[in-house]
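Everything on this sheet refers to the single structure shown next.
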Amino acid sequence: MTDYTANLMNAIAIGFASLSLFIWSVLLLGWGQFWRCNQQLLNDEDDIADLTTTVNFAHQPVYPSIAVVIPARNEAELLPVTLRSLLNQTYPGSLTILLVDDNSTDGTGAIARSVAQSLNKADQLIILSGKPLPSGWTGKLWAMAQGVERANRFDRLPDYVLLTDADIEHDPGNVHQLVVQAQRNQLDLVSLMVHLRCESIWEKLLIPAFVFFFQKLYPFPWVNHPTRRTAAAAGGCILICRDTLQHIGGIEAIHQALIDDCALANAVKSRNLATVGRGRIWLGLSFSTRSLRPYPSLASIWDMVARTAFTQLNYSPWLLLGTVIGMTLIYLVPAISAIAGLLTGNSWLSITGLAGWLLMAIAYFPTVRFYRCSPLFALGLPAIAFLYTLMTLDSALRHWQGRGGAWKGRTYSIGSQESEVRSQ
């Protein structure tokens, strides 16, 4: 190799490392402060009077009524904990739970009924048997639509609908806090990125990064700003004003969406950005309301990501290529440059790479701390990002092979058309 070639390669390497360092500087300083994890629903003692919507002639407060809709498909194992957490909410207003049994084969409906009876709250739970899935719908959204339709036939229509997953264990005051957040800030939609399970070594390695990437893709401060177009929600816990849901066309308006939570948030926020108090949404983190869905192995997390990663890219090969290039430049180049510079004695390359790697670790550290993991995991983000890149590539491969977004015996493809697959 000639000196000219060697110098050119060194210059190119330093150029890429410098570009990555510049990107991390922009992300830290100018990308909505996404990395700070400061958008949280706090567990403070809110004044219940804030929930008062009307006062009757006896001067007794009337609190917003809540309809909780839970789509449940083969969730008998988790319902004794998750359903109990909803039935034991401290919310002082009317709260009715509609559990839609989506053709379960494990006795989901019977277990749910047993849980309510054990708490003497059978009158607070309505169990609906899911109807056959229509063409063009995803199973979860069809179940949600049936629950919302039933809530719309209550004698007293609910003021809010809480859309939540069957694997979520809610803090006892969660519904109370969600409603306070909605009313105090005139919000049409409040959503929580619930605390995902982080117990196994693979969960500790990969789950905080999943949340970090989501925050980077949808900076929560931008989501929560009324004039920003960025819109997102986390499907495990969404409180939405019933009138707003009706206004946007109900669940049917997003029935073909596989990324249904963000589609719902976008439909709400985009309806009228110019009017104060209309179309406002809020998305934050929660430590006390958590998902019990276990991901004990690399394979289980891999399947979770691969199920929807290519969908997030709108099934576009060009966006996939851009994602691979972007992940390489942003996450892998700093570490590769730092190591290569140290091995070759190229001080400029090693310093530039180490600086980018350090900024990356600084950005990731608040999420690692939020999940109470070792700070050393912050330094491992390049390797973690490499695994996520491979998962995204696998997601595209599965789609091209017709295996799409497989979940609980169903496979979804473009347009959300569904085909049954043989249970493993």
Next item on the list: Multiply the residue separation of Ala340 and Leu298 by 0.36 nm, subtract the distance between their alpha-carbon atoms, and state the gained length in nm to one decimal.
Entry: 12.3 nm
Next item on the list: State the percentage of accessible surface on the chain attributable to carbon and sulfur atoms; use a 1.4 Å probe and exclude ligands, DNA and RNA.
Entry: 58 percent
Notebook entry, point to check: Relative contact order of region 316-379: what whole-number percent is it, with Cα pairs under 8 angstrom and at least 6 residues apart?
Noted result: 23 percent
Margin query: To test your reading of the geometry: what angle, between 0 and 90 degrees and rounded to tens, separates the Cα axis of helix 333-344 from the longest principal axis of the chain?
Written below: 30 degrees
Notebook entry, point to check: So for Phe386, Phe214, Phe310, what's the accessible-area order with a 1.4 Å probe, most first?
Noted result: Phe386, Phe214, Phe310
Next item on the list: Report, in degrees rounded to the nearest 10, the 0 to 90 angle that the Cα long axis of helix 201-217 makes with the longest principal axis of the chain.
Entry: 90 degrees
Next item on the list: Treating cross-link reach as a plain straight distance, find the lysines whose alpha-carbon is under 30 Å from the alpha-carbon of Lys216, omitting any fewer than eight places away in the same chain.
Entry: Lys140, Lys204, Lys269, Lys408
Next item on the list: Once you have all Cα-Cα distances for the chain, histogram them in 20 Å bins from zero and send the whole-percent values.
Entry: 24, 55, 18, 3, 0
Check: In nm, to one decimal, how far is the Asp394 label point from the Gln117 one, both placed 7 Å along Cα→Cβ?
Finding: 4.3 nm
Check: What GluC sites (Glu not before Pro) in region 168-240 are in a loop by DSSP, with at most 15 other Cβ atoms within 10 Å of the Cβ?
Finding: Glu199
Notebook entry, point to check: Got a number for the accessible area of Ile201? Probe 1.4 Å, square angstrom, nearest 10.
Noted result: 110 Å²
Notebook entry, point to check: To the nearest µm²/s, what D does Stokes-Einstein give for region 74-202 at 25 °C and 0.890 mPa s, using the Kirkwood radius over alpha carbon pairs as Rh?
Noted result: 154 µm²/s
Notebook entry, point to check: How do Ser135, Ser291 rank by accessible surface area computed with a 1.4 Å probe, from largest to smallest?
Noted result: Ser135, Ser291
Note to self: Once you place label points 7 Å from the Cα toward the Cβ at Asp243 and Val62, how far apart are they in nm?
What the structure shows: 1.4 nm
Next item on the list: Based on alpha-carbon positions alone, could you give the equivalent ellipsoid semi-axes of region 349-402 from the gyration tensor, as √(5λ), descending, whole Å?
Entry: 28, 16, 7
Next item on the list: Could you tally the net charge around Thr289, taking each other residue with its Cβ under 10 Å from the Cβ of Thr289, Lys/Arg +1 and Asp/Glu -1?
Entry: -1
Notebook entry, point to check: So what does the Cα-only Debye profile of region 153-223 read at q = 0.16, 0.23, 0.24, 0.27 Å⁻¹, as log10 I(q)/I(0), no solvent term?
Noted result: -0.79, -1.21, -1.23, -1.28
Checklist line | Normalised contact order of the chain, rounded percent, pairs of Cα under 8 Å and 6 or more residues apart | finding: 20 percent
Notebook entry, point to check: Hey, what's the chain come to in accessible area per residue, 1.4 Å probe, Å²?
Noted result: 46 Å²
Checklist line | Phi-based couplings in Hz for region 393-401 (Karplus 6.51, -1.76, 1.60; Gly and Pro marked x) | finding: 4, 5, 4, 5, 4, 4, 5, 5, 8
Checklist line | Percent antiparallel among DSSP beta bridges (both partners in the chain, rounded to 5) | finding: 40 percent
Check: Got a number for the accessible area of Lys204? Probe 1.4 Å, square angstrom, nearest 10.
Finding: 80 Å²
Note to self: Can you tell me the orientation of helix 3-30 relative to the chain, as the angle in degrees between its alpha-carbon axis and the longest Cα principal axis, to the nearest 10?
What the structure shows: 30 degrees
Next item on the list: Any chance you could look up the accessible area of Trp400 with a 1.4 Å probe, heavy atoms only, rounded to 10 Å²?
Entry: 150 Å²
Checklist line | Accessible surface, 1.4 Å probe, highest first, among residues Arg229, Arg369 | finding: Arg229, Arg369
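The values are calculated or read from the model by the stated rules, or taken from the named source; none is laboratory data. Here the structure is a predicted model, which is why all the values come from computation and not from measurement. When we count neighbours, we look across all protein chains shown, and the Cβ atoms used for this are built from the backbone with ideal geometry, even at glycine. What goes into the accessible areas is simple: the full protein's heavy atoms, side chains included, and nothing from ligands, DNA or RNA. Shrake-Rupley method; radii C 1.70, N 1.55, O 1.52, S 1.80 Å.
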